[in-house]
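Below you'll find the structure, written out as structure tokens, and then a few comments.
The values are calculated or read from the model by the stated rules, or taken from the named source; none is laboratory data. None of the values given here were measured: they were computed from a predicted structure. Heads up, the Cβs are rebuilt from the backbone with ideal geometry, glycines too, and the neighbour counts pull from every protein chain shown.
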């Protein structure tokens, strides 16, 4: 299954929402890579097993299930999370790209590629739509958590 959508981060016309800079948004994405507990419900621990230039290999422990993924970073631009399918996990790739369609107007593009069925193998499309809805909710939550992290940093 492939799924892609955009979450608007900065809304200059909305005075109730503080704008984030590209640097702050990138910092939040790095937090998602380095210490993902606040972003992944059910995650018990994350162990970084390998670190190289702009690459992390992590073991994500969800109870008795351990998912190994690789995080590839293009600083200030994008971050990709890739995992191989296992018996317990569908595997796939999530790429999050920072976009700036005009100065100061930031958004995140979320692109999913998974081994989950798409509408071709899910004729009524209900399973695929459920998964897409869950991804969208999780991505809105990602932006909310990033805002919390940045708000805390600004207070210090």
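For (1) modelled with pLDDT of 85 or more; (2) over 29 Å from residue 13 (Cβ atoms); (3) out of contact with any helix residue (DSSP H, G or I) (no Cβ under 6 Å at 6 or more places or on another chain); (4) not in a helix (DSSP H, G or I), each residue gets a yes or a no:
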| position | (1), (2), (3), (4) |
| --- | --- |
| 80 | yes, yes, yes, yes |
| 109 | yes, no, yes, yes |
| 128 | no, yes, yes, no |
| 142 | yes, no, yes, no |
| 150 | yes, no, no, no |
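Within segment 16-71, being more than 21 Å from residue 97 (Cα to Cα) and crowded, with 17+ Cβ neighbours inside 10 Å holds for 46, 60, 67. Picking from residues in segment 66-78 that are in contact with a helix residue (DSSP H, G or I) (Cβ under 9 Å, 6 or more places away or on another chain) and in a strand (DSSP E or B), the one that is nearest to residue 33 (Cα to Cα) is 71. Restricted to segment 81-97, and to residues there that are in contact with a strand residue (DSSP E or B) (Cβ under 9 Å, 6 or more places away or on another chain) and farther than 13 Å from residue 114 by Cα, the residue that is surrounded by the fewest Cβ atoms within 10 Å (Cβ to Cβ) is 88. Being at pLDDT below 95, surrounded by fewer than 13 Cβ atoms within 10 Å (Cβ to Cβ) and more than 17 Å from the chain's Cα centre (by Cα) is a description that applies to residue 101.
Here is the figure for segment 22-58: residues that are assigned to a helix (DSSP H, G or I), free of Cβ contacts under 8 Å to residues at least 24 places away in the same chain and closer than 19 Å to residue 140 by Cα total 1. When residue 18 is tested against (1) farther than 16 Å from residue 81 by Cβ; (2) free of Cβ contacts under 8 Å to residues at least 40 places away in the same chain; (3) out of contact with any strand residue (DSSP E or B) (no Cβ under 8 Å at 6 or more places or on another chain), just one condition goes unmet, and that condition is (2). Of all the residues in segment 15-65, those that are at positive phi and touching a helix residue (DSSP H, G or I) at 6+ places or on another chain (Cβ under 8 Å) number 0.
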